[in-house]
Amino acid sequence: MNVLLILADDLRFDTIGARGRLPVQTPNLDQLMARGTMFTRAHLMGSSHGAVCMPSRAMLHTGRTLYHLEEAGGCIPPTHTMLGEHLRQAGYDTWGCGKWHSDKASFQRSFADGDEIFFGGMTDHWNVPAFRYDSSGAYDATLPQCPTPLGNNDVKWRPCDHIHAGRHSSEVFADASIRFLESRQASPTPWFMSVATLAPHDPRVMPERFRQLYDPNAIELPPNFLPMHPFDTGDLAGRDEKLAGFPRTEAEVRRHIAEYYGVISHLDHELGRIFDALEASGQDQNTLVIMTADHGLAVGQHGLMGKQNLYDHSVRVPLLMAGPGVPANQQVDELCYLIDVFPTICELLGLDVPATVQGESLAPCLNDPSTRVREVLHLAYRHLMRGVTDGKHKLIEYVMDDHRRTQLFDLEHDPWETTDRSSDPANAALLKRLRREMLRWRDEFNDNWPTQGGVFWQGYAPDEAPGIACHRQPAPAT
């Protein structure tokens, strides 16, 4: 069985049209859902870095938990077996395309071939600095650019060996993927194909016909829209948050949402071209297709624009599977992580799971959607936030320079996370239970680095009253 893995950037869990809660047109992903299984509660474990995509993608490709990565996923050591590397050792032809946010050596271990490779976090969709596959693994070519021609003649040397000027990244990656599929029709060797898109990450640009699909004036604001986040999260000055003014205005957020939807619909169109090529090549009946994303995005929810937080809009991601052995038109509502994709692929292919993988296989859920692989999920963002959810409730706790903060949400009755219930005395026992789960995260997942978890856990007292343990406010100004 072949494997096609599609990894989008910034694609939120609720933006796929047929089962999403938002009016986004995604007919090709809708079709993929109809012929496969959708995991509705797939989560990113979190991030130890402001560039959330870097550790997220490293976790997906290694199956390792957040604080068992090296350098926040920027470097993946040879001791951490990677998905492509494992399939390559099992006899698969492995091919990579698109964004790679870790080191070049780890890409080379994973893939025996590839095309249109972008090393980095983000770039101009219309002018992607890309590499052809380099069998030496050097990827050391550079091309000149004068980024400020109206101001000076400074030259910036960009790492790449070519640029498709004026060609959108989603189209460039789709073209390369189609060429690969066409080249594999006569080959008896199974393949693993990884397509990592840059969309719908900003800058949110797209062909005009997709922009015109969504009128900003007709966009309905989400129920949790706020002009400002109600308190300092410790990371409100990051790049993502500066994409819109403070306070957020309804008109500006509507524009951002319309552009977000437009980029998603354009991406869906290009993915449809890949799916059509897979079918035309005659390989669709023998290919496991997995589609997911590295994280979500706020785009105005809770007064935020980015993904540097633990709300559902940022830590929940789409996860679709289709192909041999995957039931059609099925939904699984159990909790899972992105790190579970690696062992799931192994089980579906009949391969052993490497000893370095820490995820859990979701294959049992395909036969019985009520199978519980995980009772709770632990979430983290840098040294600033820790969270835990059992699917019904979510606890998020924050530590800033001089105070702590707690939020408790009833996800069953408040899926948009609008009402903090942490101060309700009736929830005292629930708070204690969820806080003890957070301590288990610290102890079992090695969340004690001095520059990360060590800061958060200093003085943490889960059995104390909420007002003492996690609502300690700074002293009043005199």
Just to check your reading of the model, which residue among Val289, Val326 is in a loop (DSSP other than H, G, I, E, B), within 18 Å of Asn2 (Cα to Cα) and either more than 13 Å from the chain's Cα centre (by Cα) or of a type outside the set (Gly, Ala, Ser) (or both)? Val326
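If you take the residues of the range 65-103 that are in contact with a Pro (Cβ under 8 Å, 6 or more places away or on another chain) and not in a loop (DSSP other than H, G, I, E, B), which of them is nearest to Pro188 (Cα to Cα)?
Applying the first criterion (in contact with a Pro (Cβ under 8 Å, 6 or more places away or on another chain)) to the range 65-103 yields 66, 69-70, 72-73, 81, 86, 91-93.
So of that shortlist, the ones also not in a loop (DSSP other than H, G, I, E, B) come out as 66, 72-73, 86, 93.
Working: Leu66: 37, Ala72: 38, Gly73: 34, His86: 19, Asp93: 10 Å.
Out of the qualifying residues, it is Asp93.
Tell me which residues, restricted to the range 104-134, are of a type in the set (Asp, Glu) and surrounded by 18 or more Cβ atoms within 10 Å (Cβ to Cβ).
Going residue by residue through the range 104-134, those that are of a type in the set (Asp, Glu) are 113, 115-116, 124, 134.
Passing the criteria: Asp115, Glu116.
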Among what's in the range 222-234 and is assigned to a loop (DSSP other than H, G, I, E, B) and open to solvent by 30 Å² or more (accessible area, probe 1.4 Å), pick the residue that is nearest to Lys307 (Cα to Cα). Gly234
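Does Gly17 count as under 20 Å from the mean Cα position of the chain (by Cα), without any contact (Cβ under 8 Å) to a residue 24 or more places away in the chain and assigned to a loop (DSSP other than H, G, I, E, B)? First the steps, then the outcome.
Working: under 20 Å from the mean Cα position of the chain (by Cα): yes; without any contact (Cβ under 8 Å) to a residue 24 or more places away in the chain: yes; assigned to a loop (DSSP other than H, G, I, E, B): yes.
For Gly17, the condition - under 20 Å from the mean Cα position of the chain (by Cα), without any contact (Cβ under 8 Å) to a residue 24 or more places away in the chain and assigned to a loop (DSSP other than H, G, I, E, B) - is met.
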Kindly indicate whether any position in the range 194-206 is in contact with a helix residue (DSSP H, G or I) (Cβ under 9 Å, 6 or more places away or on another chain) and acidic (Asp, Glu). yes
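Might you let me know whether the range 41-50 holds any residue that is in a helix (DSSP H, G or I), open to solvent by less than 10 Å² (accessible area, probe 1.4 Å) and small (Gly, Ala, Ser)? Write out each step before concluding.
Let us first name the residues in the range 41-50 that are in a helix (DSSP H, G or I), namely none.
The answer is no, given that none of the residues of the range 41-50 is in a helix (DSSP H, G or I), open to solvent by less than 10 Å² (accessible area, probe 1.4 Å) and small (Gly, Ala, Ser).
Please enumerate the residues belonging to the range 301-314 that are outside any loop (DSSP other than H, G, I, E, B), over 16 Å from Pro200 (Cα atoms) and not polar (S, T, N, Q).
Narrowing the range 301-314 to residues outside any loop (DSSP other than H, G, I, E, B): 301, 312-314.
If we keep only those that are over 16 Å from Pro200 (Cα atoms) as well, we get 301, 312.
Asp312 - this is the single residue of the range 301-314 that is outside any loop (DSSP other than H, G, I, E, B), over 16 Å from Pro200 (Cα atoms) and not polar (S, T, N, Q).
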Taking the range 281-298 and the residues there that are out of contact with any strand residue (DSSP E or B) (no Cβ under 9 Å at 6 or more places or on another chain) and touching a residue at least 60 places away in the same chain (Cβ under 8 Å), the one that is nearest to Asp202 (Cα to Cα) would be Leu297
Ser194 - would you say it is in a strand (DSSP E or B) and in contact (Cβ under 8 Å) with a residue 24 or more places away in the chain? yes
Could you give every pair whose Cβ atoms fall below 8 Å, whose first residue belongs to the range 151-174 and is touching a residue at least 40 places away in the same chain (Cβ under 8 Å), and whose second residue is surrounded by fewer than 18 Cβ atoms within 10 Å (Cβ to Cβ) and basic (Lys, Arg), counting only separations of at least 6 or pairs across chains? Ala174/Arg273
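Mind counting the residues in the range 348-359 that are surrounded by fewer than 18 Cβ atoms within 10 Å (Cβ to Cβ) and within 22 Å of Leu44 (Cβ to Cβ)? Give the derivation first.
Filtering the range 348-359 for residues surrounded by fewer than 18 Cβ atoms within 10 Å (Cβ to Cβ) gives 350-352, 355-356.
Of the ones still in play, those that are also within 22 Å of Leu44 (Cβ to Cβ) are 356.
Residues meeting the conditions: 1.
Kindly establish whether Asp9 is surrounded by fewer than 21 Cβ atoms within 10 Å (Cβ to Cβ), at pLDDT 95 or above and under 17 Å from Ile274 (Cβ atoms). First the steps, then the outcome.
Working: surrounded by fewer than 21 Cβ atoms within 10 Å (Cβ to Cβ): no; at pLDDT 95 or above: yes; under 17 Å from Ile274 (Cβ atoms): yes.
Judged against the criteria, Asp9 is not a match.
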Can you pull out the residues in the range 382-395 that are part of a strand (DSSP E or B), touching a Ser or Thr at 6+ places or on another chain (Cβ under 8 Å) and either within 22 Å of Glu360 (Cα to Cα) or modelled with pLDDT under 95 (or both)? Met385
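Only residues that are open to solvent by 40 Å² or more (accessible area, probe 1.4 Å) and in contact with a Ser or Thr (Cβ under 8 Å, 6 or more places away or on another chain): list them for the range 68-90, please. I'd like the intermediate steps shown before the answer.
Step one: filter the range 68-90 for residues open to solvent by 40 Å² or more (accessible area, probe 1.4 Å), giving 68, 70-71, 78-79, 88-90.
Thr79, Arg88 - these are the residues of the range 68-90 that are open to solvent by 40 Å² or more (accessible area, probe 1.4 Å) and in contact with a Ser or Thr (Cβ under 8 Å, 6 or more places away or on another chain).
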List the number of the failed condition for Ala251; all other conditions in (1) surrounded by fewer than 20 Cβ atoms within 10 Å (Cβ to Cβ); (2) at pLDDT 95 or above; (3) assigned to a loop (DSSP other than H, G, I, E, B) hold. (3)
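Which is open to solvent by 10 Å² or more (accessible area, probe 1.4 Å) and among the hydrophobic types (A, V, I, L, M, F, W, C), of Ala277, Ala293?
Details: Ala293 fails: open to solvent by 10 Å² or more (accessible area, probe 1.4 Å).
Going through Ala277, Ala293 in turn, the sole match is Ala277.
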Search the range 135-178 for residues being under 18 Å from His269 (Cβ atoms) and small (Gly, Ala, Ser), and hand back the single one that is surrounded by the fewest Cβ atoms within 10 Å (Cβ to Cβ). Gly166
Only helices (runs of 4 or more DSSP H) wholly contained in the range 396-478 count here; list those with 2 or more residues that are modelled with pLDDT under 70. 466-469
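The values are calculated or read from the model by the stated rules, or taken from the named source; none is laboratory data. All of these numbers come straight from a predicted model, not from anything done at the bench. A quick note on method: Cβ atoms are made from the backbone with ideal geometry, for glycine too, and the neighbour counts reach across all protein chains shown. With ligands, DNA and RNA removed, areas are computed over all heavy atoms of the protein, side chains included. Shrake-Rupley method; radii C 1.70, N 1.55, O 1.52, S 1.80 Å.
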